[in-house]
1. About its Cα centre, what dipole magnitude does the stretch B:323-379 give when the only charges are +1 on Lys and Arg Cβ and -1 on Asp and Glu Cβ, stated in debye to the nearest 20?
2. Note down the magnitude of the dipole of the stretch B:139-224 about its Cα centre, charges +1 on Lys and Arg C-beta and -1 on Asp and Glu C-beta and zero elsewhere, to the nearest 20 debye.
3. Can you give the Rg and Dmax of the stretch A:1-49 based on its C-alpha atoms, in angstrom?
4. Kindly list the residues of the stretch B:266-288 that lie in the label zone of B:Lys295, defined by a backbone N under 19 Å from the point 7 Å along the Cα-to-C-beta vector.
5. Whole-Hz ³J(HN,Hα) for each residue in the stretch B:420-433, computed from phi via Karplus 6.51 cos²θ - 1.76 cosθ + 1.60 with θ = phi - 60°, x for glycine and proline: what do you get?
6. Taking the inverse of the average 1/r across all pairs of different Cα atoms in chain B, what Kirkwood radius in Å do you get?
7. Quick one: net charge of A:Ala58's neighbours, Cβ under 12 Å, K/R +1, D/E -1?
8. Please list the non-local residues whose amide H lies under 5 Å from the amide H of B:Ala439, H modeled 1.01 Å from N, same-chain partners needing a gap of 5 or more.
Amino acid sequence: MSEPDRLITPEQVRHVARLARLALDDDEVGRMALQLSAILEHVDAVRRLDTNDVPPTAHPFPVENVLRADTEVPCLERESVLSQAPAVESDRFRVPRIMGEAP
Amino acid sequence: MTASPAFEFASLAEIASSVRSGQLSARAFLAQSLGAIRELEGDLHCFNEITTDKAMADADEVDRMVRSGLDPGPLAGVPVALKDNLCTAGIPTTCSSKILEGWLPPYDATVVSRLRAAGAVLVGKTNLDEFAMGSSTENSAFGPTRNPWDTGRVPGGSSGGSAAAVAAGIVPLSFGSDTGGSIRQPAALCGIVGVKPTYGVVSRYGLIAFASSLDQIGPFATTVADAALGLEVVAGHDPMDSTSLARPAPSLLASLTEGVSGLRIGLVEDFLVDGSECVDAVVAAGEALAAAGAKVDMVTIPELLLGLPAYYVIAPAEASSNLSRYDGVRYGLRVDGPDTETMNARTRGEGFGPEVKRRIMMGTYALSAGYYDAYYGQAQKARTLVIRAFEAAYRNFDVLLTPTTPSVAFPFGSKVDDPIEMYMCDLCSIPSSLAGHPAASVPFALSSEGLPVGVQVLAPALGEAVMMRVAASLEAGASREARGPVRP
């Protein structure tokens, strides 16, 4: 690869996977490094484009904030929403610990 | 592959009119659809879920309304199939992903409630590439859908199940979603009509998000008139989608037969270079439209070639953000771990398939510190260049024609190991997605192998009426053999 800055290494793949909260095994990490490098090579036309004075487009049409009238309307029923959750306790979604041990 | 009248539906208008008048029952049309499912589903695998019992109850309700003197609506008794990324209350909605397997949405997508309100009867949820990422349905966690024209070939994707169901005559109308070509490409590969409306014409409320600035819902049908009616029914402003355009649904049917006399039609030269049968079809389509009175010229718009690389930065970037919601907390799969972060990562590692993981990784990379400007920022600017190039072209042309796809339906496994090769399927369909413009694929010719070839009609924003007029004219000049339904 003539441009080492574009090559995605397995270490970078692990870093990005951590950012994306995606558990990948070693095989997947190796394959992903090759495939993402190939995809990045393909999209290089975009990276190299001269875009001086070109504004970015995030959305095809101008988007405006939309507010509805401040009136009460029924929301989803708690029962039907919680019935789809993997774990529930006291009408709440239950998750494993989110903090480390106290010092 | 011979058409037999037994499985061909009448036009949607004829179905609805015979049900509304009480001449035929919704139950009878449903029976025809369910019979076709029994016969063909084993070969084709169009569906993730077949809603037989609910469909019978819905059809009975339509028939009861007719008997009571009420009008069930413009799609009275029409059996429809919906891509399995459209939320249906109490009916499993999976996106063909293990991470959502068994999930029961608590609400209906707006498209679903509008179809019900129009009297349509939902027969099932159709297969797709996982989270609509793919061009063959081979990325479905539940196995691929087969093309009714040749069951050794893909139906296209990602809305492959919806396309195959219409192409096989199982239903006369279905809906899919299109982010970079996911309605138009399978429509072309299955020999039917597929329409991606202008961004914002159809509400995305209840469509499970892939890339929110690109996703649009649209119809599949065997004829332009049926697709137009399907689109009219689901289109129009919806307060539940803040990107829904504040305007009434476009009126399409009235002008369908006005012809193309005097219209300026451009053949996009940049997509006509490789001399394939898909290119030949566009040239022949141009000749047919010229014979019908249109002014047809070549036009070159080289900026459109930036579409593909820009899309494969923008769509994964948006997807990586949208798919962060699958974290094992509120719905779907959970794979436990000692802490929440490990649980999140294990759930996602096990629940997502390879293509979804690839796009999440690509998107997260393109948005990460140090690469944002080089990739995502640049891709957004390339998007501006595509839009400007279209604006310039539409000063001289009313509509543009391109191939829908670079090739006809391909055999299973032929592209699955090469992501770039698969991404190339979207070459011609992506530019109008980036611009938010409408586009339609119309079956036009048969390839030397006997497979359908689609021609794509592009129009500027909110140009659905002229686009469908041109599509109808193309249909009139097309080879009838290129159009479904077909028997596998």
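1. Rounded to the nearest 20 debye, it is 200 debye.
2. Using Cβ point charges on Lys, Arg, Asp and Glu, the stretch B:139-224 gives about 20 debye.
3. Rg, Dmax (Cα atoms, Å): 11.5, 35.
4. The answer is B:266-269, B:286-288, whose backbone nitrogens lie closer than 19 Å to the label point.
5. 5, 4, 5, 4, 4, 3, 9, 3, 8, 8, 5, x, 5, 5
6. Numbers: mean 1/r = 0.0452 Å⁻¹.
Result for chain B, one decimal place: 22.1 Å.
7. Overall, the nearby charge balance is +1.
8. B:Lys196
Read-outs throughout are calculated quantities, based only on the coordinates presented, and are distinct from any laboratory measurement. Computed from a prediction, not measured in an experiment: that's the story for all the values here. Here Cβ is always computed from backbone atoms with ideal geometry, including for glycine, and neighbour counts include all displayed protein chains.
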